[in-house]
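Before any comments, here is the structure.
The values are calculated or read from the model by the stated rules, or taken from the named source; none is laboratory data. What you see is a predicted model, and the numbers here were worked out from it, not measured in a lab. Quick note on the areas: whole protein, heavy atoms, side chains included, nothing else; ligands and nucleic acids left out. Shrake-Rupley method; radii C 1.70, N 1.55, O 1.52, S 1.80 Å.
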Amino acid sequence: MTSFINSEVYLIEDSLYLLTDKATTWGEAQADAQSLGGNLVAINNQREQIFLSSLFAEQRAWIGLSDAASEGDFTWNTGEPLNFKKWNGGQPRNNTTANFVAMLAGGAWYDFTGAQNYRGII
């Protein structure tokens with residue numbers, strides 16, 4: 001499990017956000033989030049997207065979106081509806097191995113295999 005001793009917590013409205021201390025796979029980042037009683041982030045609107053992409057602008061970071069359960073049907077791991085999208089051009093790729101989503105340094109979303117090591121937004 002990741003240590004969160006040196007992590008900063010950010011508050012917007014009634015939500016807290018935390019960036020994991022180290023880069024891990026999507027599954028490990030989600031397990032770390034759950035160990036804290038949360039999930040990788042579900043981004044529900046443009047205001048939240050702008051906040052997070054500016055806060056974590058310098059890196060790729062896992063978010064809680066995937067189509068692992070059903071190819072092409074991206075859902076939030078929290079069960080929230082997918083009402084907002086910020087896909088990078090040409091995304092999602094509709095590739096059976098690219099099932100997990102990260103936010104790129106510029107804020108756009110990109111689907112990956114989940115095996116890459118990025119920090120996660122909780």
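The ellipsoid equivalent to the alpha-carbon distribution of region 44-122 has semi-axes of 18, 14, 11 angstrom, derived from the gyration tensor eigenvalues as √(5λ) and listed largest first. Carbon-plus-sulfur fraction of the accessible area of the chain, 1.4 Å probe, in percent? Answer for the chain: carbon and sulfur cover 48 percent of the accessible area. Report, to the nearest 10°, how far helix 26-35 tilts away from the longest principal axis of the Cα atoms in the chain, using its own Cα long axis and a range of 0 to 90°. In the chain, helix 26-35 runs at an angle near 40 degrees to the longest axis. Only helical runs count toward this figure. For the chain, summing -39,500 (n - 2.57) over DSSP H runs of n ≥ 4 and dividing by all residues gives -5000 deg cm²/dmol at 222 nm.
Excluding ligands, DNA and RNA, the accessible surface per residue across the chain is 51 Å² with a 1.4 Å probe.
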